[in-house]
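Values quoted throughout were computed directly from the atomic coordinates according to the rules given, and no laboratory measurement underlies them. Nothing here was measured: the structure is a model prediction, and the numbers come from that model. Neighbour counts run over all protein chains shown; Cβ positions are idealised from the backbone, glycine included.
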Amino acid sequence: MSLISPWRADFPGIQAFDAEGQTYLDSAATAQKPQAMLDSLLGYYASGAANVHRAQHLPGERATRAFEDSRTQAARWLNAAGSEEILFTRGSTESLNLLAYGLEHLLQPGDEIVISALEHHANLLPWQQLALRGGLKLVVLPLDASGQIDLQQAAVLIGPRTRVLAVAQLSNVLGRWQPVRELIALAQGHGALSVIDGAQGVVHGRHDVQALGCDFYVCSSHKLYGPDGVGLLYGRRAALAQLRHWQFGGEMMLDADYQQARFRPAPLGFEAGTPAISSVIALGATLDYLLHLDAAAVAGHEAALHAKLLAGLAVRDGVRRLGEPQVALASFTVAEVHSADLAHLLSEQGIAVRAGHHCAMPLLKSLGLPGAIRVSLGLYNDGADLERFFSALDKALELLR
Ligand SMILES: Cc1ncc(COP(=O)(O)O)c(C=O)c1O
């Protein structure tokens, strides 16, 4: 099967890579951008930049309208109950740090924060540091052999002392969907707040935060084919109301004196200072592009690429896949070969894959691995990309063995 992507031509970055002889297989780290996103970014500056939420002049009003339209578009993308439930941040990492700080005042020594064994450092370190500061216990949910959080163990470990559950929707290393609905229900049963790290999950298919039932959901624009420097923090209205304000400055206050101030509620109360205006607007254009794609065709294409990737890995001697991935992503090691050496030889042949601990060092340590190679695909990848990867892999392994 040739596995041609009908969307490849929409991505100038991929065409530039083609011209350069680069095969990009690292979309889970950051994705390439559609022309619609580039047009929006340039259009904002070319038609005259202006700050948002401050000015009475026409350019300011225009920028504010476009900025708020993006918020509406993001609310639509996640099916939030309203655009006021969407906060713009710098990315998933900032959203999670905001939450770990914003919820601190609700926690007492001895309370428990529950994460899982597969978390990215972005969803581990903010909670770990909060636990260390406040005398809290960080509980780590174990995984089963497929790379999924073990629900039986979770039912035991999520308990009356649990105040916050923070887990990834989709593992960036194992590529496996996590049973987040069931975990959220367990947390709710004990009155705990739930935080879903959707940095990887949001890229594959559509997700409905209301149907998930989570209190908070975070993601990054740059992995979702949008610009970098911007991310989303969804919060259920009642959950957002519990957050402590965190950054202070322009446009987040209602009233200020020298000695005290009153602050706006979400979203603007959590967006102090001038935001990444052009990026937010360009994220809206990206979501617009994605919303107009045939979702079933994208899912079908990604599934076909995924099958080809797994089949190619399965027939190669000594290749050991990590877990059982369910999206177009696979991490693997090769017996007696260091992943950094392999990535280097792949790179010399124009193949861009990720090697290392994938910002999930405790997970890699628990698997007894110093690192692994990860191949991750976007909707613009095609069968020929994978064929180039496999032929480069064979050459590299021949050299290394
Ligand atoms: C599962 C997961 N969570 C969080 C992050 C952090 O995202 P960002 O670096 O965009 O803040 C990543 C990035 O790779 C990720 O894969």
Quick one: of the DSSP bridges fully inside the chain, what percent are antiparallel, nearest 5?
55
Taking Cα centroids, how far is the stretch 28-76 from the stretch 347-394 in Å?
33
Dipole of the chain [Lys/Arg +1, Asp/Glu -1 at C-beta], most positive-end residue of Leu293, Phe390, Val114:
Val114
Could you size up the charge dipole of the stretch 38-291 around its Cα centre, putting +1 on the beta carbon of Lys and Arg and -1 on that of Asp and Glu, and report it in debye to the nearest 20?
140
Which residue, Val334, Gly368, Gly356, has the largest displacement toward the positive end of the dipole of the stretch 319-401 when charges sit on each Cβ (Lys, Arg +1; Asp, Glu -1)?
Gly368
Whole-angstrom gap from the stretch 116-169 to the stretch 253-314, using each part's C-alpha centre
24
Label point distance in nm, Ser47-Gln15, each placed 7 Å from Cα along Cα→Cβ:
2.3
Which residue, Glu302, Glu182, Glu119, tops the fluctuation ranking in a GNM of the chain built on C-alpha contacts under 10 Å?
Glu182
Could you tell me which residue out of Leu157, Trp77, Trp246 lies farthest along the dipole of the chain toward its positive end? Charges go on the beta carbon: Lys and Arg +1, Asp and Glu -1, centred on the Cα centre.
Leu157
For the stretch 173-187, list residues with backbone N below 20 Å from a point placed 7 Å from the Cα of Arg206 toward its Cβ?
181
Amide H contacts under 5 Å for Val114, restricted to residues at least 5 apart in sequence or on another chain and with H modeled in the peptide plane, are Val139, Arg163, Val164, Leu165, Ala166
Cα centroids of the stretch 84-101 and the stretch 185-235: how far apart, whole angstrom?
10
Among Phe17, Phe11, rank each residue by its count of other Cβ atoms within 10 Å, from fewest to most, as a rough exposure measure.
Phe17, Phe11
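Would you mind ranking His292, His190 by Cβ crowding within 10 Å, fewest neighbours first? Display every interim value, and only then the final one.
On the way: His292 8, His190 15.
Fewest-to-most ranking of His292, His190: His292, His190.
Compute the length gained on full extension between Gln260 and His105: take 0.36 nm times their separation in residues and subtract their Cα-Cα distance, giving the result in nm to one decimal.
So the chain would gain 53.9 nm between Gln260 and His105.
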Quick check on packing: order 326-333, 256-263 by the mean number of other C-beta atoms within 10 Å, highest mean leading.
326-333, 256-263
Among Ile196, Ile184, Ile115, which comes first, then next, by fewest other beta-carbon atoms within 10 Å?
Ile184, Ile115, Ile196
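How far, in nm, would the chain grow between Arg401 and Asn79 when pulled straight, counting 0.36 nm per residue and subtracting the alpha carbon separation?
110.8 nm
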Cβ charges +1 (Lys, Arg) and -1 (Asp, Glu), total dipole of the stretch 274-370, debye:
220
Give a residue-ordered list of calculated ³J(HN,Hα) values for the stretch 186-201 (Karplus: 6.51 cos²θ - 1.76 cosθ + 1.60, θ = phi - 60°; whole Hz; x for Gly, Pro).
4, 5, 4, x, 10, x, 8, 7, 10, 10, 10, 8, x, 3, 8, x
For Arg54 and Glu251, extending 7 Å from Cα along the Cα-Cβ vector and measuring point to point gives, in nm, a value of 0.8
GNM on the chain, C-alpha springs below 10 Å: top fluctuator among Asp26, Asp39, Asp317?
Asp317
Applying the gyration tensor rule to the Cα atoms of the stretch 38-291 (axes a ≥ b ≥ c; rounded if a/c under 1.5, else prolate if a/b exceeds b/c, else oblate), the class is oblate
Which value, in debye to the nearest 20, gives the size of the charge dipole of the stretch 7-157 about its Cα centre, when Lys and Arg are +1 and Asp and Glu are -1 at the Cβ?
400
Which whole-Hz couplings ³J(HN,Hα) result when phi for each residue of the stretch 66-80 is put into the Karplus expression 6.51 cos²θ - 1.76 cosθ + 1.60, θ = phi - 60°, listed in order with x for Gly and Pro?
5, 4, 6, 4, 5, 5, 5, 5, 5, 5, 5, 4, 9, 6, 6
Ala199's amide H: which non-local residues (gap 5+, or another chain) put their own amide H closer than 5 Å, with H modeled 1.01 Å from N in plane and none for Pro or chain starts?
Gln169
Rounded to the nearest 500, what is the chain's calculated 222 nm mean residue ellipticity when only DSSP H runs of at least 4 contribute -39500 (n - 2.57) each, over all residues?
-12000 deg cm²/dmol
